[in-house]
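Data block below; observations after.
Readers should treat all values here as calculations from the given coordinates under stated rules, not as data from a laboratory. Remember, predicted model here, so these are calculated numbers, not experimental data. Note: ideal-geometry Cβ built from the backbone for every residue, glycine included; neighbour counts use all protein chains shown.
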Amino acid sequence: MTTYRSLAAGVVLVALGGCASKGDLRRVEEQLVLQRQETLRADSARAADLADLLGLQRRIMDSLDATGRSVAGLSRQLQTLRGDVANDLISIQQQLVQVQALTGQSQQRLTELQTQLEARSEQAAVTAQVPADSAAPAGAPEVAAPAPGAPSAEQIYSASLQQLRRGSPGTARMGFRELLRQYPRHERVPDATYFVGETFAAESPDSAAAYYQKVVADFPQSPRAASSLYKLGLLAERKKDLEAARGFFTRVVRDYPRSDEAALARDRLKTPAR
């Protein structure tokens, strides 16, 4: 807008000065047109970026809704199974009563049969509960098949990384975690885990350190392991824990001597303790 005003002011001044030629006016007009076109292109690019972000959020919400429906369906199936088991037990107990009346078996034998029946009933109940308990154990990653039409791991990773680079760590973190949930065995898992740590680096160093340590422990062969060790050293420096920092930098140099982080770690180790 300032450029427009400057150019317009120039046109007015040139015109008032009486020294403007048609060629000068044409060049000024062309500059105005070019400036407007550049502004329109920039606005279009921002609108496209916003549309991509909204699309990613919509796909993530759709995926979460589909997962919720699947869990609800499984819960209904378990309830139906328990009801069927209860009905079967009632039927068997009725048959036992009839057997007692018809055959005159001793009460001791019937008691034994009832004890066996109760044991089998308890075992069936435990078996019916296993899917529900193992569907989401505490601390374990969820393994869910992607919903039809869901974005691929690469699409989620690329969009999330783009949001992180644009200064939106919260949105990026949501995308990386969705990748870890939908594709827990994908080759991008070490990268996504590392970048979840990066999204916490500024606001929550302890959370960032937890994700960096997970990369080092679970994916030691990944290039992100060297980066994670180096970042752990920097976080330790920030906390004035220089001994821990030197330990992390030493591990980078020792375990990943050919990495880019190894050169940076060597420089850190040469720097006197502060």
Ranked list, fewest to most other Cβ atoms within 10 Å of each Cβ, for 178, 154: 154, 178
Region 153-270 - Rg (one decimal) and Dmax (whole number), Cα, Å: 14.2, 43
All aspartates and glutamates inside 14 Å of residue 214 as judged from Cα atoms, apart from same-chain residues fewer than 8 positions distant: 191, 198, 206
Hits among lysines - C-alpha to C-alpha of residue 270 under 24 Å, sequence gap 8 or more where chains match: 231, 239, 240
Ordering of 37-48, 233-244 by burial proxy (mean other Cβ atoms within 10 Å per residue, highest first): 233-244, 37-48
Candidate aspartates and glutamates for bridging to residue 22, where Cα separation is under 13 Å - those fewer than 8 sequence places away on the same chain excluded: 30
